[in-house]
Structures are given as structure tokens and as C-alpha cells.
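Notes follow once the structure below has been shown.
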Amino acid sequence: MHELSVALGIVKIAVDETAKAKANKVSLIELEIGTLAGIEFESLDFVWPAAVKDTVLEHAVRKIYVIDAKGKCID
């Protein structure tokens, strides 16, 4: 289940960016995830509470925007 490592990576980015902004919490996080990213959204939902516990994202509203894959034939 790589969704846990994905969630922890998101937390790390949020923590780093919050520190740069000299803030102490995040109220909203918006994620754009492509359909070819290999993310199981149910698994991400399952691990999210554990990943964000005691972090700047613990009480943040999470919005996920799913980006549909597009293909293009060169011929």
C-alpha cells in the first residue's frame, strides 16, 4: 500500500511549506491527482487520518481533484 508513503510525502511538503510561511496550521489542502498516478483513493482515505495526526494537516479540509488521463496518437 504505497498510499501511506504518498500521504506522508504530502504531509512533509505541507510541514515544510507551512514553516516557510511562518504559519502553524493549514486550513485547506487541495490535491490534483491524475488517474494514471496509480493511487487507490479508498486506500488514501483509509491512511489519511493516521498520516496527518499531530501535524499541520490534522484539521485541514482535504479536497481532491481527479485529473483524467489523456492520450494522443502521434500517427
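Only the coordinates and a few stated rules stand behind these numbers; no lab work does. These figures come from a predicted structure and were not determined experimentally. Don't worry about glycine lacking a Cβ; one is built from the backbone with ideal geometry, like all the others, and counts go over all protein chains shown.
Some points to look at:
- Estimated [θ] at 222 nm from DSSP helical runs (n ≥ 4, -39500 (n - 2.57)) normalised by residues in the chain, nearest 500: -13000 deg cm²/dmol
- Cα gyration tensor of the chain - equivalent ellipsoid semi-axes, whole Å, descending: 27, 15, 10
- Candidates per trypsin sites (Lys or Arg not before Pro) in segment 1-56, loop by DSSP, up to 14 other Cβ within 10 Å: 22, 25, 53
- Counting Lys and Arg as +1 and Asp and Glu as -1 over every other residue whose Cβ lies under 11 Å from the Cβ of residue 39, the net charge comes to -4.
- Subset of 22/53; 22/63; 20/63; 22/72; 25/70 violating a 32 Å alpha-carbon distance limit: 22/72; 25/70
- With Cα atoms, 0 to 90° folded angle of helix 41-52 axis to the chain main axis: 20
- Relative to the longest principal axis of the Cα atoms of the chain, the long axis of helix 3-20 makes an angle of roughly 50 degrees.
- In plain terms, the residue of 15, 26, 61 with the fewest other Cβ atoms within 10 Å comes first and the most crowded comes last, giving 61, 15, 26.
- Inter-label distance, residue 75 to residue 20: 4.5 nm, where each label sits 7 Å from its Cα along the C-beta direction.
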